[in-house]
Structures are given as structure tokens and as C-alpha cells.
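Inspection log for the structure reproduced underneath, given as C-alpha cells.
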């Protein structure tokens, strides 16, 4: 791709939508002034399909990285984005994606300050892949970590599970199930900050993306060497998602979420935390879904609707590929 | 029923069962859907200690004999064939540990179908290829396969056939009660199979062997109710075949489905993993539809092959051992690297024990 052509691409599309003082200088690198304790994350988005109910690869690549940065108890500030675009990709689609990125960045209160674009021969990538890396300032004295869950803690989540995974699956397979199934893709950093600034003690925050709530909780149970017990009755699941999963033989606990986070905290802070979450449109279905116990260590146990128990195992293998 | 009432009802019934039994009562279910329901709902964790649950040969993927797997692999490697299969078969290892997934990675044309009719559509779209549908299943799926074959004949389709490794349930039950090494005090009979065959094929269990049996639905409360009936008959020494799934199972079964099966298939001997040959326990395609019989079309002959090394699926399937008794369980054999089909299939016992703990 010639110098002039990429220059035009940058100015026409990227600057048009993502403009800010730092990006507009178009230097080789972005000059940033930040406090010394940083949260830094990167992710590459290869989702298929690139446009789906409730979002697109643009909103996803901003939300995903913003959320990951925030999970340490940090305020996300700046992102980079690198595009790898297949030759022949429609400019109009690229414009839609970048516009969506800008909109999501604005909601999250972050700036895209540097980027890169490569156009590659047809077949080298599938339409478009985007990498976003991001930096945030850690505001907690002790960053949140998966190692800090303790017996007696409770597990809460800011809303319904399985929405994104099911939306992608049905869009990919071309299924029209008559239910309202939409990805929950959204930046939740502002909601996380509200919690972190008002709840004196939080131990873990993690977003249950690939592999769903089940896999994420298994990872935390192993890292913290505890048992996490879930209450099947308490899991917030949209009725459309439940019915869709029943028909397709999928389990919402293993489906990806892109606008949700699990929060593990001492029992005394559950009530105020849920109040804070439910006041926000991204937390109105927040729920207490489980608790941390001592044994069996490293395992997740489901207390079922009928009063029984069973293990929720880690997802083995690729449940659904290219989900984010 | 709300969840509190449900929990109360289940506890009450299990307390009654425990009270009623004077010693261990061992029941076997022979349906993968029952296996999954018992584990997934947490019902297994609530069983009173005198109630012993064993899973039998109710998973059609799991009971497919290695010699039949080898036959499927042979067809899959044929460059003129598009091999249409149900998803679970993709990862079942053959005697050498090779799967259809491995063959597909090497270029074999293998397609996952949700129904046999999908494979007919493939035949219409790919007239330069031979489409073979791998018929693995019990009486529940056979009528659809039969209907697909009659449809293919009606449409004059010349490039479609079925590799029939279908099996029927009553003969394996007979084998287990006559030759099996495990004492079975009662059967939970398969709901879906029974919708097709009705009640009478099971009568021999009560009449000849005095084993009470109940046809049950798949909700936890259906299973609990069935166990209540089973243990009650056992204690009163009045074994019968009861139908507790009346909303789906008629006493004479589904006559239309039975007609389709009879039209296209005839009963034949079949090989079951871990058991070997059971007479008159399988279905093969009749001569009237011989052009749709992949075995004849491709001149396939079974090869004498054994189980994958160290695999004890055959014993698990007969209830001789629990999955946890297998030395490979959870170590060498896991869902991500299975040695045998019981760990691969979504309805396999080993997969259920591994995934749901207990």
C-alpha cells in the first residue's frame, strides 16, 4: 500500500473519528504523562462475524482491552490500535468499524493515541484483525488479583451471562431463533471505578470472556487455592439465552461475556456493592451468585436447583472459536 | 413446581426409598440422556446410600465396536467419499488412537450433520462424490435414517448410501441379565427409545427374570418418581414394566416409525464394544434398498481389531467397573485427550463422571 494511499486512509477514516490532540500530532509514538503505577494490557481481536447483534469488532476491541485494564482496579487512559486488513476489504465497512471504536472509546473515556495499519494479500487474514493495547493508572493501593479470594467471600456479577457467546454462535451459524439475543459488548470501566472508589475492600475482579463464568471461576479457584460454590437458582440468565442454549445444547456458564465482570469481596460489602451496580444501566441485573469456601480446593461446585451438587469443570478445548 | 417444593418432594421421596430398602438396590439406566440428567441436575449427589446407580450401554457412540470404527475410518479415507457423521463421532479414537478429526486434518472429506436429511442435501449438491451417512444410533434415530433412504430412492439419488451400525436395545438388556457379571435389581428404561418401540419388548425382564423396570422421562423429578416405583416393586416382589413417561410413550409405541424401520431395515447380528457379538441386536439395510447400503456399495468387510491400549470402556459400559476404577481415568484419558469413546461422547459415563465430579 503506497504512502499516499495510507496517509489518506489515516486522515479520512481514523483521524476523522478518533481525533484527539495526541493522535493528531501523528508522531511515530505518543507522548504520555502518567502516574507510576500502571495497568497494561493487550489483546488481538479476530472475531467472526465482524458485525453481530449488539456490537462489532470495533466496539469489542475497545471494550475488551479497556475492561481488562480496569480489572486490576485501574482507570484506563490510552489505547493503541493495530489493524491488519485483507486486501479488498470494503472502506465503508472499515469506516463503520472505526466509527464504532470512536463511540465506544468516548463512552469509556479513553483516547486512542497511536496506531498502525497493514493491508495484506487476500487470504492472509480473514477480513480484518485488530490489536488494541492499553494503559491505565492503578488507583487501589493493592491491585486486585485472582490470588486473593478467601473462604467467606461472596461472588457477585453485574448482569446476565452467556449473551455474547450465544449472539456470536447464532450469527455465525445463521440461526434465527426468534429470541432477542444480543451481545453485551460494553466498556464497564466506569462501573468498576464506582465500585472500587466506594467499597473499602474488594479481592478479585475478572471479566468472564472466553470460556465463560465457569472457566474464569475455575481459574480463580486454582489461583487462590479455594473452592467456589455457585447457586444455580441465582444465576442471572435472560430467558431468550436460556431457551436458545436449551435448543442448541449449549451451557450459558461456558459462553463468553463482553460486558460483565465477576467481583469477589467480603460478605459485609455485598449489599452496598449490589446497590451501586444496580443503579447503573450496565449493572441493573447484578446478582449474588456464589461464595468462596475451603474445600474441595481448586474446584467450582454448583448447588443445583433441586438441592444437589455437582462439579463445574474447566472448559476443555475450544468451545467456540474466534469468539473475541 | 417451584424449586423449594421440588427440593422438598425429592428429599421426601429419597427418604422414603432409603427407609423402604433393607439392603443395597442397584439400578441400571441404559440411556445417555438419563446419564447426563442424573449428573447434571445434581441428582446423583442426592441418592440415598442404599441406592446404587450404574450406567449401562445406553450411549450409541460408546457401544460402537472398534471393528465398526475401523470400517468408518476406511470409508472416511476414500477420496471419492464425503463422510457425513454426527458430531460426537469426530473425536472417537480407533484402535491406534486415530480419530476422524485427525483424518480430516489430513484432507479427508468429513462433514458433521445434525440430521441424516442434511447428508441427502449434500448428495444433491455434490453429484461427483459419494455421500455416505454413518448410521450410529438406537431405535430413536433409525426411523429418520430409514425415511432418508426411502426419500433418496423416491428422488432417484444415485450417490448416497448409509453405513448402518445401528443397534437395538432389548437384546443388550437380555444379554446383561442372562450373561452379565453384575447383579441388576431394576432398570430405568430409555424414554426416547420407548417412544418408538413401546412397552412389550421389555416384558421379558419382569416375566422371565423378575426384574422390575420403569420407562422414565428425563427431568430429575421424572427419574425420582421412577426410582420410587422401582424400589416399591422390588420390595413388594411384584416386578412389572411400568410406563411413567406416558406423555411421550404409548403402550404400542410409534407404529408409523416401526413401519419405516421394518420397510428399510432387517434385524442382524451386531458387535458391541466390550461384549462382542450379540445375536439379532443390530439393523442392516434390506436387499430392496441394497444400493443405499454402504457395506455392499463399497465391498466393506469388518477387520478384527481390538480396543485402544489400556481402554476399559467395554467394562464401564456393562457396569462392571465405574469410570473412576479405570487407571486411565482423568490421567491419560481426559475429554481433551480421550483414549476411549466413553470420555468423548457427550452422553458417555466417563465424560459425565469427569465433567460433573461426584
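The values are calculated or read from the model by the stated rules, or taken from the named source; none is laboratory data. Worth saying up front: this structure is predicted, and the values here are computed from it rather than measured. Heads up, the Cβs are rebuilt from the backbone with ideal geometry, glycines too, and the neighbour counts pull from every protein chain shown.
Per-structure values
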quantity	calculated
Restricting segment A:300-309 to residues that are within 8 Å of chain B (Cβ to nearest Cβ) and within 10 Å of residue A:230 (Cα to Cα), the residue that is surrounded by the fewest Cβ atoms within 10 Å (Cβ to Cβ)	A:309
Flag for residue B:61 being out of contact with any strand residue (DSSP E or B) (no Cβ under 9 Å at 6 or more places or on another chain), at pLDDT below 95 and more than 14 Å from chain A (Cβ to nearest Cβ)	yes
Where residue A:235 falls short, out of the listed (1) surrounded by fewer than 19 Cβ atoms within 10 Å (Cβ to Cβ); (2) more than 11 Å from every other protein chain (Cβ to nearest Cβ); (3) at pLDDT 95 or above	(1)
Some residue of segment B:308-325 being surrounded by fewer than 22 Cβ atoms within 10 Å (Cβ to Cβ), within 14 Å of chain A (Cβ to nearest Cβ) and more than 24 Å from residue B:145 (Cα to Cα)	yes
Yes/no for residue A:135 being over 28 Å from residue A:31 (Cα atoms), at pLDDT 95 or above, crowded, with 17+ Cβ neighbours inside 10 Å and touching a helix residue (DSSP H, G or I) at 6+ places or on another chain (Cβ under 9 Å)	no
Filter result for residue B:106 (more than 28 Å from residue B:32 (Cα to Cα), in contact (Cβ under 8 Å) with a residue 40 or more places away in the chain and out of contact with any strand residue (DSSP E or B) (no Cβ under 9 Å at 6 or more places or on another chain))	no
Residue match in segment A:64-71 (condition: closer than 30 Å to residue A:138 by Cβ and modelled with pLDDT under 95)	yes
Test: residue in segment A:271-293 that is in contact with a helix residue (DSSP H, G or I) (Cβ under 9 Å, 6 or more places away or on another chain), part of a loop (DSSP other than H, G, I, E, B) and on the phi > 0 side of the Ramachandran plot	no
Filter result for the condition that a residue is in contact (Cβ under 8 Å) with a residue 12 or more places away in the chain and not assigned by TED's automatic domain parsing to the domain that holds residue B:17, over B:53, B:49, B:65	B:65
Subset of segment B:105-116 (residues that are crowded, with 16+ Cβ neighbours inside 10 Å and under 24 Å from residue B:257 (Cβ atoms))	B:113, B:116
Filter result for the condition that a residue is within 14 Å of chain B (Cβ to nearest Cβ) and modelled with pLDDT of 95 or more, over A:297, A:260, A:271, A:284	A:297
Residue list for segment A:187-208, restricted to those being part of a loop (DSSP other than H, G, I, E, B) and under 28 Å from residue A:294 (Cβ atoms)	A:199, A:200, A:201, A:202, A:203, A:207, A:208
Some residue of segment A:29-38 being outside any loop (DSSP other than H, G, I, E, B), crowded, with 20+ Cβ neighbours inside 10 Å and either in contact with a strand residue (DSSP E or B) (Cβ under 6 Å, 6 or more places away or on another chain) or not assigned by TED's automatic domain parsing to the domain that holds residue A:202 (or both)	no
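Yes or no, residue by residue, for (1) surrounded by fewer than 24 Cβ atoms within 10 Å (Cβ to Cβ); (2) part of a loop (DSSP other than H, G, I, E, B):
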site	(1), (2)
B:134	no, no
B:153	yes, no
B:170	yes, no
B:188	no, no
B:207	yes, no
B:217	yes, yes
B:225	yes, no
B:228	yes, no
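Here's the yes/no breakdown for (1) in contact (Cβ under 8 Å) with a residue 24 or more places away in the chain; (2) surrounded by 22 or more Cβ atoms within 10 Å (Cβ to Cβ); (3) over 16 Å from the mean Cα position of the chain (by Cα); (4) assigned by TED's automatic domain parsing to the domain that holds residue B:53:
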position	(1), (2), (3), (4)
B:279	yes, no, yes, no
B:327	no, no, yes, no
B:341	yes, yes, no, no
B:345	yes, yes, no, no
